[in-house]
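Here the structure comes first, spelled out in structure tokens, and everything after it is commentary.
Please treat every number below as a calculation from the coordinates, not as lab data. Note that this is a predicted model, so its numbers are computed, not measured. Here the Cβ is made from the backbone with ideal geometry for all residues, glycine too, and neighbour counts use every protein chain on show.
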């Protein structure tokens, strides 16, 4: 990832409504949310949300797809991963124990759920 793209993404997330919109879309992956539903969840006027989503789209953090009369927005987790990796790539300076708490935190919050064994 280039520095300019990282700055664009971080700038897009530096506004409270945009940050909350992105976080809400992350919670609704992989299905995404219709723009109207997202506006209602965030309690933001649709035209205001549209401007925020446009900024997030230009930063490649969200994508949109038209379904009939609705536009479905989804978080671009690949782009967000690239931003996070860009920020953390050199964090440990060859000393993995420095970044270990970050990795452990991510692993614990993102660990796959265990399937319950079916009882006979």
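Out of the residues in the range 74-93 that are more than 19 Å from residue 8 (Cα to Cα) and touching a helix residue (DSSP H, G or I) at 6+ places or on another chain (Cβ under 9 Å), state the one that is surrounded by the fewest Cβ atoms within 10 Å (Cβ to Cβ). Reasoning before the result, please.
We begin by selecting, within the range 74-93, every residue more than 19 Å from residue 8 (Cα to Cα); these are 90-93.
Now drop any that are not touching a helix residue (DSSP H, G or I) at 6+ places or on another chain (Cβ under 9 Å), which leaves 91-92.
Numbers: 91: 11, 92: 14.
Checking each candidate, the answer is 91.
Here residue 74 passes the criteria (1) in a strand (DSSP E or B); (2) without any contact (Cβ under 8 Å) to a residue 24 or more places away in the chain except the one numbered (2).
Condition (residue is over 24 Å from residue 82 (Cα atoms), exposed (fewer than 12 other Cβ atoms within 10 Å of the Cβ), in contact with a helix residue (DSSP H, G or I) (Cβ under 9 Å, 6 or more places away or on another chain) and free of Cβ contacts under 8 Å to residues at least 40 places away in the same chain) applied to the range 50-68: is it met by at least one residue? Taking every residue of the range 50-68 in turn, none turns out to be over 24 Å from residue 82 (Cα atoms), exposed (fewer than 12 other Cβ atoms within 10 Å of the Cβ), in contact with a helix residue (DSSP H, G or I) (Cβ under 9 Å, 6 or more places away or on another chain) and free of Cβ contacts under 8 Å to residues at least 40 places away in the same chain.
Taken over the range 1-40, the criterion of being in contact (Cβ under 8 Å) with a residue 12 or more places away in the chain, closer than 19 Å to residue 69 by Cβ and assigned to a helix (DSSP H, G or I) is satisfied by 35, 36, 38.
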